Each structure stands twice: as structure tokens, then as C-alpha cells.
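Asker: Questions regarding the structure given below will be posed in turn.
Throughout, read-outs are computed from the coordinates displayed, never taken from laboratory work. These figures come from a predicted structure and were not determined experimentally. Note that each Cβ is placed from the backbone with ideal geometry, even for glycine, and that neighbours are counted across all protein chains shown.
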Amino acid sequence: MDLDRLKRDQVIRAELRDSEYVFNTTWGIFSHRGIDTGTRLLLERIEVNPGENCLDIGCGYGPIGLVMARLSGTGKVTMVDKDFVAVDYARKNTEANGITNCETMLSNGLAQLPEDARFDVIAANLPSNTGKELLDIITAEAHEHLVQGGRFYVVTITGLRDYMKKAFRDTFGHYKKLKQGRAHAVAMTTRRR
């Protein structure tokens, strides 16, 4: 076994939303071999306007947050994850890609964000194995941290589509399916009140 080789960072090169990115990652971080299908599906559908402030929940090594940072230009992006290794790699990838409008922090969902933090766009590739209770918490906290008119985008496995539809309707009053793939579904909702 070549232990030194196994300990080296894995490098992912990807074109996302017409920009080239280099991501360093390691074993144990979600989708460490390449950008996963769900993330790609979400990034194809998400709308981020110049100057908008964004939040990436469960950022992993950073692909969603870094794309939002480039799209927002002068806006600020916050990336959060409960895994300190993921947060460390997201920070490294922010620097490696020359992105300066992005901060990364350790947080279980949105729990460590300041109460007054507000965002125009929140995005998440929601894990399927965390339990519906955590999905409800994230949905409710996203509502509280969005500005009026702010958008919440999620990608889930197809099996969670109906649950997220109910969660969005219960919390936001509406749900919009943006794309249904074989394995994943992308949806969004808007804070109206």
C-alpha cells in the first residue's frame, strides 16, 4: 500500500457555469473523486445576480459556494459545513481559485451564523441520510435568513422530492420544481413575507 499517495490531496478540475475551477479534496469529504451529478444539476439551474449575498449550506470542499461567488461578483458568499476538514478544504479552494468575496465557517446547518445575517440566495445539496428533522430545521432557518424576495435552492435525491415539496409549502407557502433527473431533483422557493 502506497500510504504517501493515499494521503495526497485529490485534485478535481471542472468547468462550471463557463468558468474553470480547481478543487483540492481528500478522502471522507462528499464526492471527493469529482463534482457529483446533484451539484452539477443545481449549478445549472441556480440564478445569482451580481451583488447578491449568498449562503452555501453544507459546502463540502466548495463547488457551489465558489460558483455563487463568481456569479455574484461584488456580493459576499458565506460557506458553512459541520465538518472541519471540509471547511479547511473550502478555504484552500477559495484561495486556489483567486476568489476574494467568500468566507467559510464551521456551522451545524445555520446554527453558528449571526442572527441578523441575511442572504439573497441560499443553496444546499441536501444529504439524504441526515433525517427529515434536520431538513425541516434547515428549511425553517433558511426562511429566517433570507431577505424578502430571497431564493432558496436545493438539490436532493429524487426520493426526497415530495418531502421537500411539503417542507417548502409548509414553511414558505410554495414550491417550484426546476429540474427532475433520474437520481436528483432541484427545487426552489422564495421568501414572500
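Asker: How big is the charge dipole of the stretch 3-190 about its Cα centre, in debye rounded to the nearest 20, if each Lys and Arg gets +1 on its Cβ and each Asp and Glu gets -1 on its Cβ?
Answerer: The calculation lands at about 700 debye.
Asker: Would you please give the residues with an amide H less than 5 Å from that of Met79, counting only those at least 5 places away or on a separate chain, with H modeled from the backbone geometry?
Answerer: It is Asp56, Glu103, Thr104, Met105, by chain and number.
Asker: Here's something else I'd like to know. Quote to one decimal, in nm, the extra length available between Glu95 and Thr74 on full extension: 0.36 nm per residue of separation minus the C-alpha distance between them.
Answerer: Stretched out fully, the Glu95 to Thr74 stretch lengthens by 5.9 nm.
Asker: Mind checking the dipole of the stretch 49-101: about its Cα centre, +1 per Lys or Arg Cβ, -1 per Asp or Glu Cβ, Debye to the nearest 20?
Answerer: Using only the charged Cβ atoms, the result is roughly 100 debye.
Asker: If you fit an axis through the alpha-carbon atoms of helix 84-96 and take the longest principal axis of the Cα set of the chain, what angle between them do you get, 0 to 90°, nearest 10?
Answerer: Value to nearest ten degrees: 80.
Asker: Then there's this: Using each residue's phi in the stretch 149-156, evaluate 6.51 cos²θ - 1.76 cosθ + 1.60 at θ = phi - 60° and report the 3J(HN,Hα) Karplus result to the nearest Hz, with x for Gly and Pro.
Answerer: x, x, 10, 10, 10, 9, 10, 9
Asker: Still on this structure, I have one more. Using θ = phi - 60° and the Karplus form 6.51 cos²θ - 1.76 cosθ + 1.60, what ³J(HN,Hα) does each residue of the stretch 2-11 get, whole Hz, x for Gly and Pro?
Answerer: Those phi angles translate into 8, 5, 4, 5, 5, 7, 5, 4, 8, 10 Hz.
Asker: What does the convex hull of the Cα atoms of the stretch 3-190 come to per residue, in Å³, rounded to a whole number?
Answerer: 112 Å³
Asker: With the dipole of the chain worked out from charges on the C-beta (+1 for Lys and Arg, -1 for Asp and Glu) around the Cα centre, which of Tyr21, Gly98, Ala167 lies farthest toward the positive end?
Answerer: Ala167
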